[in-house]
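This report concerns only the one structure given below.
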Amino acid sequence: MKRSRALPTIASAGLIAGVLDITSAFVIAEIKGTGSARMLQGIASGLLGQRSFEGGMATAGLGLAIHFLIASTAAALFYAASRKFSSLTQHAVMSGLLYGIAVYIFMYWMVVPLAFPNARHSMSRDVTAVIIHIVLIGLPIALVVRRFPKQQLAQS
């Protein structure tokens, strides 16, 4: 019997990109003096509004879950596209770099403005965010997806 490698591939890519990205966010939050819990509550505030900052570790946990949901969704979209366009995995480094930029554009120019209408861009923040999305999100997702061939693998 054969089984699809889609779920393990997407889960692996989402987990790796999610861990890399959240680690960079923790470092930046600590450098800024915001703190990791408050930064995670900030993610949850896109869903809950200002009350997320009063929810303690519960809303920080929600923020972390939302973060990994977004990372896994990015991985699933790349995986699906790579099954249609094999050049994405044949040229995984280049497609990963470009995918990182695409994820940045989607997040910072569509999602963030919807969740935080008063958010403003700054050149230094945007450059940092683009680099993070390229190196820690797009590239790892593409490289993980490339490791799993298109065909189905035999079940052990």
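FYI, it's all coordinate maths here, none of it is from the lab. The structure displayed is predicted, hence computed values, not measured ones. Ideal geometry is used to build each Cβ from the backbone, glycine not excepted, and the neighbour counts take in all protein chains shown.
Structure summary
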read-out	value
Meets criteria (of a type in the set (Ser, Thr, Tyr), crowded, with 20+ Cβ neighbours inside 10 Å and in a helix (DSSP H, G or I)) for Thr23	no
Unique match (being among the small types (Gly, Ala, Ser), in contact with a Phe, Trp or Tyr (Cβ under 7 Å, 6 or more places away or on another chain) and closer than 22 Å to Ala11 by Cα) among Gly100, Gly138	Gly138
Residue within the range 46-62 that is closer than 30 Å to Arg146 by Cβ and buried (at least 19 other Cβ atoms within 10 Å of the Cβ) present	no
Residues of the range 26-45 that turn out to be surrounded by fewer than 13 Cβ atoms within 10 Å (Cβ to Cβ) and over 19 Å from the mean Cα position of the chain (by Cα), as a count	4
Filtered residue count, the range 6-19, keeping only those that are closer than 20 Å to Ala60 by Cβ and surrounded by fewer than 17 Cβ atoms within 10 Å (Cβ to Cβ)	2
